[in-house]
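A short worksheet on the structure shown next.
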Amino acid sequence: LHQSWHTAVNSAEAYFRQLLTSPSNEWKRISSSTDGSASTSKKGKARLTSAAPELSDVVVHRNTKSSGSEDVYRIVLDVPSVEEPVSLEPWKAVLTTPELRREWDPAVDEAHLLEVLDRSTQISKT
């Protein structure tokens, strides 16, 4: 079981790396109904100071030449970082909070924080 798990993880990692390094001509942009409508009216520096990204800022690509039987989608959202520093702590909190792991990891049925030993050490049950 341990070996099959490592084989599956290594295979998934190799596939992911292949997708990351695949040529750009394999990815076809998918246009949405919001392309051009909201984004053209909000160009320039005023758009950069917006508090939250909008749906029209998301770019979707599809790779139909993937080795799997299904299409693979890539979703990109560029969030500009202007003069003020950007904190990554909210993202880190989502990824390290055991109760939220079920939201982003489909392999997890349940996760709970059992004990916090210090700032960098915690015990959780997944």
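The values are calculated or read from the model by the stated rules, or taken from the named source; none is laboratory data. None of these values were measured; they are calculated from a predicted model. All Cβ positions, glycine included, derive from the backbone under ideal geometry; neighbour counts span all protein chains shown. Please note that ligands, DNA and RNA were not included when accessible areas were found on the heavy atoms of the full protein model with its side chains. Shrake-Rupley method; radii C 1.70, N 1.55, O 1.52, S 1.80 Å.
Pairs are defined by a Cβ separation below 6 Å, a sequence spacing of at least 6 or placement on different chains, a first member in region 107-126 that is among the polar types (S, T, N, Q) and assigned to a loop (DSSP other than H, G, I, E, B), and a second member that is at pLDDT 90 or above and surrounded by 10 or more Cβ atoms within 10 Å (Cβ to Cβ); the pairs so defined are 126/111.
Of all residues in region 27-53, those that are at pLDDT 75 or above and either touching a helix residue (DSSP H, G or I) at 6+ places or on another chain (Cβ under 8 Å) or not β-branched (Val, Ile, Thr) (or both) total 4. Can you tell me which residues in region 99-116 are open to solvent by 100 Å² or more (accessible area, probe 1.4 Å) and hydrophobic (A, V, I, L, M, F, W, C)? Hits for region 99-116 are 104, 114. Contact map, region 1-27: first residue within 10 Å of residue 63 (Cα to Cα), second residue surrounded by 10 or more Cβ atoms within 10 Å (Cβ to Cβ) and among the basic types (Lys, Arg), Cβ cut-off under 8 Å, separation 6 or more or different chains; pairs are 19/74; 22/65; 26/65; 27/62; 27/74.
Can we say residue 58 is open to solvent by less than 90 Å² (accessible area, probe 1.4 Å), under 15 Å from residue 16 (Cα atoms) and at pLDDT 70 or above? In short, no. Note on region 80-106: among residues that are in a loop (DSSP other than H, G, I, E, B) and in contact with a helix residue (DSSP H, G or I) (Cβ under 8 Å, 6 or more places away or on another chain), the one that is nearest to residue 58 (Cα to Cα) is 80. Among the residues that make up region 81-97, is at least one of them closer than 25 Å to residue 14 by Cα, modelled with pLDDT of 75 or more and open to solvent by less than 100 Å² (accessible area, probe 1.4 Å)? Yes - at least one qualifying residue is present in region 81-97. Evaluate region 12-26: report whether one residue or more is loosely packed, with under 12 Cβ neighbours inside 10 Å, modelled with pLDDT of 75 or more and part of a loop (DSSP other than H, G, I, E, B). Scanning region 12-26 turns up at least one residue that is loosely packed, with under 12 Cβ neighbours inside 10 Å, modelled with pLDDT of 75 or more and part of a loop (DSSP other than H, G, I, E, B).
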